[in-house]
Amino acid sequence: MTTASMNELGFYTLAGAPESPRDLIAEVQMAETLGLGACFISERFNIKEIAALSGAVGAISNKIGIATAATNQNTRHPMVTASFASTMHFLTGGRFSLGLGRGIEPVFKAFGLPPITTRAMEDFAGIMRRLHQGETIVNHAGPAGAWPALRLDPNFDEHIPLTLTAFGPNSLALGGRAFDAVVLHTFFTDETTKRAVETVKQAAVTAGRNPDDVRVWSCLATIGDHLPAPLQLKKRVGRMATYLQAYGDLMVSTNQWDPAVLARFRDHELVRNFQGALDQNATTEALEIVATLIPDTWLAPAAYGSPSACVAAINHQFDLGCDGVILHGASPQELEPIVQAYAAQRDPERFTHLPANPALAPNRA
């Protein structure tokens, strides 16, 4: 039986390394049945091209909000990105938010793409808004790039909300002043989460915006103890290890962790010689070794254990100031007992102001 939408909860479709993009069909259908309010879509350059996935989610869903979290502005011409967003906007009846992120600079360098700066993201956000409002942009030259002319449709007058996946203070402040929603990173400590929310909201105030209009989403790793132990290890230790592989310095500095621990992790023979992402390619035996290199305190900011323990962790994110919680790293099938336990204790009046689109401003009486 379909549950009323809980627009304060979201999930990532095709979490991790799916065997087929068709898996999202069952995931999205079950998410709507469970009452999950938002579907977030991440991008990898293999079988997770984000425009194709977004169209599929929009076509098979009826009420769930949809956000890319995230794609990068330097991989497509701005006309292509703007047209993708407007197509999704009309396809879904306004349930779509275009979500952008800074990306990983070494990857862009390898692909021959320019790095993305904070100023470029702000410039690009302005371009998207102007195009969606029907403006013709002539001879634009700014941090995002230079183009002789850009135009979608002069009859457009659309607000297609923008989401930013943000990590550091500059990106968080950008989200508060120029975007409609911000998605935080996984494994943020309580102190980091509170600081991030405050940075976003204060930047909105400084920009003359209502801070309540900028929705901040916690990205909470959610790993119930009903899952097989090797899978729990992969989703917990493997995922954290992969983050440390990719941008460990940023994780450590943001959470104010001990950099010596990161150095020991990197210097370990298994990690130093490992090919690829640990959460995708490591065996259970290898992850058991990696687990000895990562402090429990680094893994603690997540939802673990029984459904009731996971629900307590979810509710704690609201106490820290977040407007929504993404149950990260698990499919709706894997989340089912946790979502059902959450729904059983939920106060529906607390969240009636939240629209389905995960980046639209809350409704006001």
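Which of (1) in the same structural domain as Ala26 (by TED's automatic domain parsing); (2) without any contact (Cβ under 8 Å) to a residue 40 or more places away in the chain is the odd one out, the single condition Val325 does not satisfy?
All conditions pass for Val325, except number (2).
All but one of (1) surrounded by fewer than 18 Cβ atoms within 10 Å (Cβ to Cβ); (2) assigned to a loop (DSSP other than H, G, I, E, B) hold for Ala343; state the number of the condition that does not hold.
(2) is the only condition that Ala343 fails.
Would segment 130-148 turn up any residue that is buried (at least 24 other Cβ atoms within 10 Å of the Cβ), within 18 Å of the chain's Cα centre (by Cα) and closer than 30 Å to Gly93 by Cβ?
No, segment 130-148 has no match at all.
Condition (residue is more than 30 Å from Gly238 (Cα to Cα), charged (D, E, K, R) and outside any helix (DSSP H, G or I)) applied to segment 320-339: is it met by at least one residue?
Taking every residue of segment 320-339 in turn, none turns out to be more than 30 Å from Gly238 (Cα to Cα), charged (D, E, K, R) and outside any helix (DSSP H, G or I).
All but one of (1) assigned to a strand (DSSP E or B); (2) under 19 Å from Val252 (Cα atoms) hold for Lys194; state the number of the condition that does not hold.
Unmet for Lys194, out of (1) assigned to a strand (DSSP E or B); (2) under 19 Å from Val252 (Cα atoms): (1).
Does segment 47-66 contain at least one residue that is more than 19 Å from the chain's Cα centre (by Cα), under 30 Å from Leu233 (Cα atoms) and assigned to a helix (DSSP H, G or I)?
No, that holds for no residue.
Hey, any hits in segment 26-37 for a residue that's within 19 Å of Val339 (Cα to Cα) and in a strand (DSSP E or B)?
Of segment 26-37, the ones within 19 Å of Val339 (Cα to Cα) are 26-37.
Remaining after also requiring in a strand (DSSP E or B): 36-37.
Yes; the residues of segment 26-37 include at least one that is within 19 Å of Val339 (Cα to Cα) and in a strand (DSSP E or B).
Regarding Thr75, is this residue surrounded by 14 or more Cβ atoms within 10 Å (Cβ to Cβ), among the β-branched types (Val, Ile, Thr), assigned by TED's automatic domain parsing to the domain that holds Val28 and farther than 23 Å from Trp217 by Cα?
yes
In this structure, does Val311 turn out to be farther than 20 Å from Val183 by Cβ, of a type in the set (Val, Ile, Thr) and surrounded by 20 or more Cβ atoms within 10 Å (Cβ to Cβ)?
Numbers: farther than 20 Å from Val183 by Cβ: yes; of a type in the set (Val, Ile, Thr): yes; surrounded by 20 or more Cβ atoms within 10 Å (Cβ to Cβ): yes.
So Val311 fits the description; yes.
Across segment 202-222, what is the total count of residues that are surrounded by fewer than 21 Cβ atoms within 10 Å (Cβ to Cβ) and within 20 Å of His316 (Cα to Cα)?
Qualifying residue count for the region: 1.
I need the full set of residues from segment 144-161 which are over 16 Å from Thr81 (Cβ atoms) and either touching an Asp or Glu at 6+ places or on another chain (Cβ under 9 Å) or among the charged types (D, E, K, R) (or both), in order please.
Within segment 144-161, Pro154, Asp157, His159 meet the criteria.
Test Ile314 against the stated conditions and say whether it is in a helix (DSSP H, G or I) and either under 19 Å from the mean Cα position of the chain (by Cα) or modelled with pLDDT under 95 (or both).
yes
From the set of residues in segment 229-246 that are of a type in the set (S, T, N, Q) and more than 17 Å from the chain's Cα centre (by Cα), which is farthest from Glu285 (Cα to Cα)?
Once the filter is applied, the top-ranked residue is Gln245.
Identify, please: which residue in segment 52-65 is in contact (Cβ under 8 Å) with a residue 60 or more places away in the chain and crowded, with 20+ Cβ neighbours inside 10 Å and is, among those, farthest from Leu36 (Cα to Cα)?
Among those residues, the one meeting the criterion is Gly65.
Would you confirm, using the coordinates I've provided, whether Pro295 is modelled with pLDDT of 95 or more and out of contact with any Ser or Thr (no Cβ under 6 Å at 6 or more places or on another chain)?
Taking the combined requirement at face value, the residue satisfies it.
The values are calculated or read from the model by the stated rules, or taken from the named source; none is laboratory data. The model shown is predicted, which means the values in this text are computed figures rather than measured ones. With ideal geometry, Cβ positions are generated from the backbone for all residues, glycine too; neighbour counts draw on all protein chains shown.
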